[in-house]
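These notes are about the structure you will find just below.
Nothing in this text is a laboratory measurement; each read-out follows from the coordinates by a stated rule. These numbers come from a predicted model, not from an experiment. Don't worry about glycine lacking a Cβ; one is built from the backbone with ideal geometry, like all the others, and counts go over all protein chains shown.
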Amino acid sequence: MGNPGICRTHVNPIRDRIVAPYIQAVQPDTMSFLSIVVAVVLGVGLSAAAGFRVFVPLLGAGIAVRVGWLSPGESLAWVGSTSALVAFGLACLVELTGSLIPAVDHAIDAIAAPMSAAAGSILMAVQMCDQLGLGVSEQLAGMEGARELSPLVLWSIAIIVGGGLALGTHAAAAVGRVGSTVSTAGLANPIYAAAESFTSVVATVVAIALPACCLIMALPMTIVLVLIVLRRRKAKRAAAATPAPPSSPSS
């Protein structure tokens with residue numbers, strides 16, 4: 001027996017009957033790998049939402065844990081506690097209000113930069129713990145390892161993927177806000193902030209309530225990223241293969 005309760009979802013009899021026949025046809029090691037991949041992809045939405053607004057996805061995830069929609073295990077059950085929900089709600093109100101005030105929005109951005117990375121890591125871990133095992137009971141699936149994950153592996157993935165994605169999204173949004181400030185003298189910043197808040201709310205709701213949409217949206221995004229990487233590599237190789245022009249002889 002490994003670490004019970006670390007990343008263990010509640011048994012769902014309906015999903016058991018639907019998914020188990022397919023799970024039993026897959027090797028345990030393959031199932032564990034696929035579970036991790038699916039969990040990471042579904043955690044992308046919450047982590048990206050944390051890049052726009054730190055506390056909106058945290059509040060959404062806390063509410064989902066409290067009502068039983070998400071089951072992150074004992075180690076992350078505090079996300080749905082009353083004290084956490086009150087803290088997330090107050091911080092969310094301050095963040096949303098302050099982002100609409102020119103000059104204050106830049107100060108909030110500076111403070112939220114490291115917090116977005118932490119929030120992205122926590123949200124990725126919450127989503128991973130909920131999704132690992134795909135809701136299939138151990139007795140029916142017959143593979144306990146697919147429902148457990150080492151805390152070291154869990155938090156390594158959460159920090160690198162979730163924290164890195166949230167920080168990158170936050171940096172991109174901050175660059176856009178600076179551009180809005182320079183081009184419009186800050187007059188369009190409230191509109192920009194409202195668009196960020198709306199995006200964060202939508203991404204949070206989709207990631208929690210409609211995880212299948214995250215998988216559908218992640219596919220074209222992955223293809224685009226792969227094409228960008230391949231094009232850059234091709235450009236670098238072409239630049240390296242191009243001979244340098246001969247230097248003119250000095251007179």
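Please report the net charge: other residues with Cβ closer than 13 Å to the Cβ of Leu59, K and R +1, D and E -1. In short, +1.
Net charge near Val79: determine it from the other residues with C-beta under 13 Å of the C-beta of Val79, scoring Lys and Arg +1 and Asp and Glu -1. In short, -1. Residue exposure proxy: Arg232, Arg66, Arg53, Arg177, ordered by other Cβ atoms within 10 angstrom of their Cβ from fewest to most, comes out as Arg232, Arg66, Arg177, Arg53. Extending 7 Å from Cα along the Cβ direction at Ser75 and again at Ala107 yields two label points whose distance is 3.8 nm. By the count of neighbouring beta-carbon atoms within 10 Å, fewest first, Ile63, Ile208 end up ordered Ile63, Ile208.
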